[in-house]
Structure formats: C-alpha cells, structure tokens
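Peer 1: Please see the structure below; I have some questions.
Read the figures in this text as sums done on the coordinates, not as results from a lab. Keep in mind that what you see is a predicted model, and the values were worked out from it rather than measured. Cβ: placed from backbone, ideal geometry, glycine included. Neighbour counts: every protein chain shown.
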Amino acid sequence: MTLPVAAVGGAGIVATASNAVPAAMRAWVDAMAAQNYALARGQLPLLSPLFEACGAETNPIPIKAGLSLLGLMEAHYRLPLVPPATETLALMKRALAPFMNGLTTGRPRRE
C-alpha cells in the first residue's frame with residue numbers, strides 16, 4: 001500500500017524490510033518521493049517477495065531469519081519468539097537471493 005499512498009501525497013515508510021535491504025528500500029522510497037512512480041513500480045518485483053516473506057509470520061520472526069541469512073546477526077530466538085517455520089525460512093531465502101551479494105543491502109556481509 002505504500003506506493004498508492006505515496007501517489008496521493010503520503011511521505012515516508014516504516015518497513016521491517018528496511019532492516020535487511022536498506023539501500024534497496026531507500027531507492028524505492030526516493031523514487032516515490034521524486035514522484036517517479038514508474039521507477040518505483042519497476043522496483044516492486046524485487047521487493048515484493050521480501051514484503052511477503054516479512055509477513056509470513058508474526059514480526060519479527062521472519063526478518064530475524066532474513067538478517068541471519070544475510071550474515072548480519074545470529075539465528076537466536078528468545079521466548080516468546082520461536083524459530084521460523086521451514087516454509088517461512090524457504091520463502092525468506094528466495095526473497096533475499098537477489099540481495100545475497102551484500103551490495104544491494106548497503107551493508108557488508110559478515111564472514
């Protein structure tokens with residue numbers, strides 16, 4: 001819903017996905033702020049799978065899994081959080097595959 005809201009004057013976004021791919025999210029929001037909606041729509045095929053994966057379970061379980069896949073944190077869950085379901089983890093892996101080189105996230109990948 002961010003793109004339609006931006007098209008009618010909304011500004012900014014609070015997005016869980018920004019934790020994993022800040023550079024890509026910034027580029028998307030910048031395109032909307034510049035009213036370049038064609039560019040913003042063009043970026044959605046890359047971002048939409050991540051938005052879907054982030055909503056697959058209660059926040060922040062999926063994004064914590066994603067950050068772990070990117071090497072940005074350890075996969076550690078304290079109650080009441082639990083590890084993601086196998087399906088959610090697979091969804092997150094597919095969604096983050098285009099970002100795995102560490103360049104698009106804007107953050108270095110830890111080895």
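Peer 1: Which value in nm describes the separation of the simple spin-label points at F51 and L79, placed 7 Å from the Cα toward the beta carbon?
Peer 2: Label at F51, label at L79, 3.6 nm between them.
Peer 1: Let me ask another. Taking 10 °C and 1.306 mPa s as the conditions, I'd like the Stokes-Einstein D for the range 2-99 in µm²/s, using the Kirkwood hydrodynamic radius from alpha carbon pairs.
Peer 2: D, rounded to a whole number, is 113 µm²/s.
Peer 1: Report the net charge of residues surrounding L89, where surrounding means a beta-carbon distance below 12 angstrom and charges are Lys +1, Arg +1, Asp -1, Glu -1.
Peer 2: Residues near L89 contribute +1 overall.
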